[in-house]
1. Along the principal axes of its C-alpha atoms, what lengths does the protein assembly as shown span, in descending order and rounded to whole Å?
2. Work the Kirkwood hydrodynamic radius out for segment A:112-255: mean of 1/r over every pair of different alpha-carbon atoms, inverted, in Å.
3. From the residues A:Ala181, A:Ala317, A:Ile28, which one has its Cα farthest along the dipole of chain A in the positive direction, the dipole being from +1 and -1 charges on Cβ of Lys/Arg and Asp/Glu about the Cα centre?
4. In whole Å, largest first, what are the principal axis extents of the Cα atoms in segment B:94-188?
5. Going by how many other beta carbons lie within 10 Å of each one, how would you line up B:Ser155, B:Ser104, fewest first?
6. GluC sites (Glu not before Pro) within segment B:66-175: which are DSSP loop residues with at most 11 other Cβ atoms inside 10 Å?
7. Kindly provide the trypsin sites (Lys or Arg not before Pro) of segment B:1-83 that DSSP labels as loop, not H, G, I, E or B, and whose Cβ sees at most 15 other Cβ atoms within 10 Å.
8. Under unit Cβ charges (Lys, Arg +1; Asp, Glu -1), what dipole magnitude, rounded to 20 debye, does the protein assembly as shown have relative to its Cα centre?
Protein chains: 2
Amino acid sequence: MSKLTIALDIMGGDHGPPVTLPAAIKAIQQHAEFHFILCGKESAIAPYLQSLTTQQRERVTLEHCEQVVEMGESPTSALRTKKSSSMRRVIELVNEGVADACVSAGNTGALLTLAFYILKTLPGIDRPALISMMPTADHHKVFLLDLGANVNCTSETLFQYGVMGSVLAEQISGIENPRVALLNVGEEDIKGNAQVKHADQLFKQAAELNYIGYVEGDDIFTDNADVVVTDGFTGNVALKSSEGLAKLVISELRQQSQANLFTRMMAKIALPLLKSIYNRVNPDQYNGASLIGLRGIVVKSHGNASSDAFYYAIVEAMQEARIGVPEKIKNKIETVLLEQL
Amino acid sequence: MSKLTIALDIMGGDHGPPVTLPAAIKAIQQHAEFHFILCGKESAIAPYLQSLTTQQRERVTLEHCEQVVEMGESPTSALRTKKSSSMRRVIELVNEGVADACVSAGNTGALLTLAFYILKTLPGIDRPALISMMPTADHHKVFLLDLGANVNCTSETLFQYGVMGSVLAEQISGIENPRVALLNVGEEDIKGNAQVKHADQLFKQAAELNYIGYVEGDDIFTDNADVVVTDGFTGNVALKSSEGLAKLVISELRQQSQANLFTRMMAKIALPLLKSIYNRVNPDQYNGASLIGLRGIVVKSHGNASSDAFYYAIVEAMQEARIGVPEKIKNKIETVLLEQL
């Protein structure tokens, strides 16, 4: 069997090569079963490759890309004027079948637009979605989608998100018959807006899914569901506001701890613990988000990601490539749609 | 000048009289400048009044109400079948001009429906909103609305929310020229759904407001804005998901601290600090939310509120009554609308 190949956008993110390359080197060293294509400026990448053994070096292709999509750049500009960017190239490699998955920490809007434009959606899927795993109290993981790929969602799109989330929970977390829930402002049947109420009806008709009804915002962090479905506007706000609260807790602890010698000592002890919790409960910063519903695998690492976080995103891409996530989603949506005929 | 009067729904909330009455007694004892009308079952209320002095007792009216709106009851049922409920009575007292404000910890849906039906909205305001103050890092407060009164908001409604939020930030927090922001998924002009983009245009035309543009979810907990405006669906999810994350942090700290003797000691020291932070950063649990845009003052305390939280909601109602919030909103919306003619 030929090796699976992961294409990495080395230039993307707030920090670029100094953060992405150490993560890439670690992935190359630790995953001999994968081939890697590093896309970006050759002059930035080449020096790093010297730390690899000859055998490791054989599993790496360097593809020089002249252009870089900037963090603040508009999606339209990235699409029209950056035809030889590293971000575009990694997606093209997936589209050409040369790579099995790609990873970028670059500008989310540009990545979404390029991936949608180049890869297209799977049959039966109207729009791609950004999905990530959220932590819950008992080390269970909840898949939350959409995190911001589409701010306007029809009920049909929400339903398709449920199907896709269900596939990821089953394939990636190994959950049998994952519980799919719709995010709403209350658990009663009368609540919610028109799209959510209609999506609820669609889910109730799909015997192929384990739909459990509505959940509320706090359930994103409980084990009441395995998949929580919402539109990209609400999902993005839920993610960002939780992140904001996590930051507030840390900053508040820091501030309160300055009060006196005793609280300063207390804080010295509690802060490392709290930081490790923060890393765990702050999925936006730490975990990669996958762009799903497309004909290829695209994993988005946070723009401000550390090397550890970028490495985690590479691992995520390798896992999805091994599973063949797009094919699994294609099969599931076909089954669900056939059932409804 | 005659005393201002606050009507209290003693029966509302998960716990009812055992929680609401101690808070009411405390308010009566500490605020000699107010009169209080306690609505609910006479047999439940009367015993508590014995702890009052004769002078204090003179500032209290007990109004027996036969019915109670249950926590799980539908708004329609509360409206149609509970004509002598304590929740309905406190709103009627405000409508009749007998009370200057009312407080209830009862079922949110029923309270919203009854208040909207009985009090009606102010001229120029289409829909009422639930608003609350969110904590930020430097003990600044951000007013967030709508927290769930309307899941479907037009851009005009969002604009009116901005006007109302601005009045509260000015009158209650004493912020001159409060910064009003629209919640969005990104700060760039191209982002957001149609309602948000159109609301952005309306705000930009209103010279009477200090509109600062878009903010993201994490800004709810920073001091980048004084008022954050969003629809009731998104606002509710933002509030609840932050609450969920706060709970997760606490539970995670508890769990991790069980690891060994050292971490158990550390947790013993850190937990009280973290709990005090949790109370501060968990506005849903702790602060009252005001239902604004109506012709009278209605303050909603959390259903699961403690006596302290219910007392806080009473203080909030007293403050709004002193200021005459509905009148202030009416004046502001008139000025803004006139300016646009």
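What follows is calculated from the coordinates using simple rules that are stated; it is not laboratory data. Worth saying up front: this structure is predicted, and the values here are computed from it rather than measured. Every residue, glycine among them, receives a Cβ derived from its backbone with ideal geometry; neighbour counts consider all protein chains shown.
1. Each principal axis gives a Cα extent; for the protein assembly as shown these are 93, 59, 51 Å.
2. Evaluated on segment A:112-255, it is 15.6 Å.
3. A:Ile28
4. Principal extents (Cα only, largest first): 44, 28, 26 Å.
5. B:Ser155, B:Ser104
6. Passing both the DSSP loop test and the Cβ count: B:Glu96.
7. Counting only loop positions with at most 15 other Cβ atoms within 10 Å, the trypsin sites (Lys or Arg not before Pro) in segment B:1-83 are B:Lys3, B:Lys83.
8. For the protein assembly as shown, the charge dipole is close to 980 debye.
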